[in-house]
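A.B. asks: Structure in structure tokens, see below.
The values are calculated or read from the model by the stated rules, or taken from the named source; none is laboratory data. Bear in mind that the values here come from a model prediction, so they are computed numbers and not experimental data. Glycine also receives a Cβ, built like all others from the backbone with ideal geometry; neighbour counts cover every protein chain displayed. We work out accessible area using only protein heavy atoms, side chains counted, and drop any ligands, DNA or RNA first. Shrake-Rupley method; radii C 1.70, N 1.55, O 1.52, S 1.80 Å.
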Amino acid sequence: MTHTPDDLGAVLTRIAEALERIAPTRAATVDFTEADAFVWHAEERRLEPVPRVSRVDMGLLKGIDRTRDMLVDNTLRFARGLPANNALLWGARGMGKSSLVKASHAEVNEEMAREGKLPIKLVEIHREDIETLPALMSLTRASQYRFVIFCDDLSFDADDTSYKSLKAVLEGGIEGRPENVIFYATSNRRHILAREMVENERSTAINPGEAVEEKVSLSDRFGLWLGFHKCSQDEYLAMVEGYIAHFQVPIDPETLRREALEWSTTRGARSGRTAWQYVQDVAGRLGVSLSEPPAAPR
């Protein structure tokens, strides 16, 4: 069969369109002056500016003073161009892990402003998009700004191999982590990986010790480990009282104490999240508007 030039042109056009559809999405350029925080959208390979970050004021985070100071100091050193570590914030739910990351970012940027230096940028990447970290790094690597890349509730389950991408980016890749990037993650697990995941590797591997080492070594990429533990009754009440004072909710101290303890008992937990939920309840009952509420601690 003889093809005319028009036929060949149509075939080539269809081939070009097919290649265009399957080609990786090019990362969009971004203006980092638009905001101090961004969210990474992996499918479009783009960063979306966040004009206003939902964060808790540092002064409202109770019972984590030493942890707070360590993360702020690490972030401040990074912002000043000094050596700093990737950080893993792990432990009890609702105790302010992600809240501390966002509050530290705000506090350090206030200090940068006083020193007349560029602010650092906070970039949130979702857990399911970890494999696209190299694409995100390519956007940040050449920038004059410094970046805290933040992943909330980071964990990996059985049959999930994307943790290897994170390991490579943090330390082991051929390019390594860019000098202007640091990685912060929160997790309910100290070693990020599920216990049964590690145990399965131990029971099925030819060399169990090496298999477990491969899994657990991910957390070793984080030089700074910050543990969050369940709070005491006094710490829980201090959280409640801090919120009540901040929003000027008119309630008798004895009534506040009794109700707050009853609230935590019915939920079987004392945490910053539980404290905030109680404050929302009492403020609603008393007709007090929380016009600019901080995000519930996580």
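A.B. asks: Could you work out how far apart the two model spin labels at Asp252 and Val39 are, taking each label as a point 7 Å from the Cα in the direction of the beta carbon, and quote it in nm?
C.D. replies: Here the modelled spin labels are 4.4 nm apart.
A.B. asks: Under 16 Å from a point 7 Å along the Cα-to-Cβ line of Glu115: which residues of the range 55-97 have their amide N that close?
C.D. replies: Taking a point 7 Å out along Cα→Cβ of Glu115, the residues of the range 55-97 whose backbone N falls under 16 Å are 70-85.
A.B. asks: Report the extension gain between Asp234 and Ser143 in nm, rounded to one decimal, defined as 0.36 nm multiplied by the number of residues separating them, less their alpha carbon distance.
C.D. replies: Extending this stretch completely gives an extra 28.2 nm.
A.B. asks: Among rounded, prolate and oblate, which fits the range 21-151 when a ≥ b ≥ c are the square roots of the eigenvalues of its C-alpha gyration tensor, a/c under 1.5 means rounded, and a/b larger than b/c means prolate?
C.D. replies: Judged from the Cα gyration tensor, the range 21-151 comes out prolate (a/c at least 1.5, a/b above b/c).
A.B. asks: Still on this model: Hey, if we sort Val53, Val108 by accessible area with the 1.4 Å probe, largest down, what's the order?
C.D. replies: Reading off the accessible areas and sorting them downward yields Val53, Val108.
A.B. asks: If you count only protein heavy atoms and use a 1.4 Å probe, how large is the accessible surface of Phe32, to the nearest 10 Å²?
C.D. replies: Here the residue's solvent-accessible area equals roughly 20 Å².
A.B. asks: Keeping every protein chain in place, order Asp220, Asp152 by accessible area at 1.4 Å, biggest value first, i.e. largest first.
C.D. replies: Order by accessible area, largest first: Asp220, Asp152.
A.B. asks: I've got another one for you. For Ile130, tell me the accessible area in Å² from a 1.4 Å probe, rounded to the nearest 10.
C.D. replies: Only protein atoms counted, so the area is about 0 Å².
A.B. asks: So how exposed is Leu82, as accessible area in Å² (1.4 Å probe, rounded to 10)?
C.D. replies: In the full protein context, Leu82 sits at about 90 Å².
A.B. asks: Would you please put 283-289, 83-89 in order of how densely packed they are, using the mean number of other Cβ atoms within 10 angstrom per residue and starting with the highest?
C.D. replies: 83-89, 283-289
A.B. asks: Inverting the mean 1/r over all pairs of different Cα atoms, compute the Kirkwood radius of the range 220-298 and quote it in Å.
C.D. replies: Computed over Cα pairs of the range 220-298, the Kirkwood hydrodynamic radius comes out at 13.4 Å.
A.B. asks: While we're on this one: In the range 25-126, what percent of the accessible surface is made up of carbon and sulfur (1.4 Å probe, ligands and nucleic acids excluded)?
C.D. replies: Accessible surface attributable to carbon and sulfur in the range 25-126 totals 46 percent.
A.B. asks: Sticking with this structure for a sec: Length gain on complete extension for the stretch Glu48 to Ala245, per 0.36 nm per residue less the alpha carbon to alpha carbon distance?
C.D. replies: Using 0.36 nm per residue and subtracting the Cα-Cα distance, I get 67.5 nm.
A.B. asks: Moving on to the next point. Given the Cα-Cα distance of Arg93 and Asp73 and 0.36 nm per residue of separation, how much length would full extension add, in nm?
C.D. replies: This chain segment gains 4.8 nm when fully extended.
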